[in-house]
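Chemist: Here it is: the structure, laid out below.
The values are calculated or read from the model by the stated rules, or taken from the named source; none is laboratory data. Since this is a predicted model, take the numbers as computed values, not measurements. With ideal geometry, Cβ positions are generated from the backbone for all residues, glycine too; neighbour counts draw on all protein chains shown. Surface areas here come from the heavy atoms of the whole protein model, side chains and all, with no ligands, DNA or RNA. Shrake-Rupley method; radii C 1.70, N 1.55, O 1.52, S 1.80 Å.
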Amino acid sequence: MKERPIEELARKLRLKIAPEALERAFLHSSYVNERGDPRGSNERLEFLGDAVIGLAVTNYLCKQYPDADEGRLTKAKSIAVSRPMLSEKAEGLGFSAYLRLGKGEEANNGRKRASNLGNAFEALVAVIFLERGFSYAAKFVVRYLKEDIERFLAEQSATGDYKSLLQEAAQRLFDRRPTYVVTETTGKEHRKKFTMTVAVAGHRGVGRGRSKKEAEQAAAKQLYLMLEEF
């Protein structure tokens with residue numbers, strides 16, 4: 001496959017970064033070793049890019065899902081930043097055509113190698129970070145990983161986390177967050193029962209449980225099912 005010009009990729013990804021800088025993300029060690037390229041391979045950039053991607057995804061998850069527990073967020077992050085996910089994104093964006101490979105790596109089907117593609121994605125994020133700063137790099141990361149993150153969390157929510165489902169529905173329908181209030185507590189200290197009311201945009205749900213979390217889930221379920229009928 002003939003290497004395509006980096007300028008083409010810059011236009012496709014809407015990146016206002018000099019092509020000379022972007023090309024560094026696609027320099028495989030085999031290419032650098034064969035040609036003695038003084039710029040060096042993209043390996044150090046991969047290291048930096050991995051950290052930037054992790055922080056960008058963590059920041060997005062914490063802001064968009066403030067009520068989700070740490071376990072759910074950790075699982076979502078681990079999937080989003082995994083090598084298979086990054087390789088898949090790189091392949092979908094056509095990164096294989098922009099890799100700079102040595103003759104041996106080219107002959108061994110290096111353009112389709114998942115590790116080379118994933119490494120290029122990480123290295124590209126590092127270049128974006130170095131050239132334009134974290135905010136710009138984070139927007140790039142979220143642009144391409146957001147859909148998969150949200151799908152994973154929605155699938156998790158479908159197993160019974162109605163608070164998260166309600167949160168997503170409230171943001172989608174009203175651009176607001178639901179509020180929870182304990183409206184009644186009954187029973188002795190070791191056998192308390194809680195009544196929780198959740199409200200958003202004038203709509204309410206009521207739930208009861210032996211703990212506040214259980215009552216919140218019950219209230220969220222009632223309101224979520226009501227909103228789903230809209």
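Chemist: Show me the helices (runs of 4 or more DSSP H) found entirely inside segment 123-230 where at least 1 residues are in contact with a strand residue (DSSP E or B) (Cβ under 7 Å, 6 or more places away or on another chain).
Modeler: Those helices (runs of 4 or more DSSP H) span 162-174, 212-227.
Chemist: Of all residues in segment 38-76 being charged (D, E, K, R) and modelled with pLDDT of 90 or more, which is farthest from the chain's Cα centre (by Cα)?
Modeler: The qualifying residue farthest from the chain's Cα centre (by Cα) is Arg39.
Chemist: Between Asp161, Asp148, Asp175, which is over 30 Å from Arg24 (Cβ atoms) and under 20 Å from the mean Cα position of the chain (by Cα)?
Modeler: Asp161
Chemist: Give me the pairs: first residue in segment 65-94 and more than 16 Å from Asp50 (Cα to Cα), second residue assigned to a loop (DSSP other than H, G, I, E, B) and among the basic types (Lys, Arg), beta-carbon distance under 8 Å, and six or more apart or on different chains, which are they?
Modeler: Pro66/Arg177
Chemist: May I ask you to list the residues in segment 195-218 that are closer than 17 Å to Arg176 by Cα and open to solvent by less than 10 Å² (accessible area, probe 1.4 Å)?
Modeler: Of everything in segment 195-218, those that are closer than 17 Å to Arg176 by Cα and open to solvent by less than 10 Å² (accessible area, probe 1.4 Å) turn out to be Val198, Val200, Gly205.
Chemist: Mind counting the residues in segment 33-58 that are free of Cβ contacts under 8 Å to residues at least 12 places away in the same chain and open to solvent by less than 40 Å² (accessible area, probe 1.4 Å)?
Modeler: Of the residues in that region, 1 qualify.
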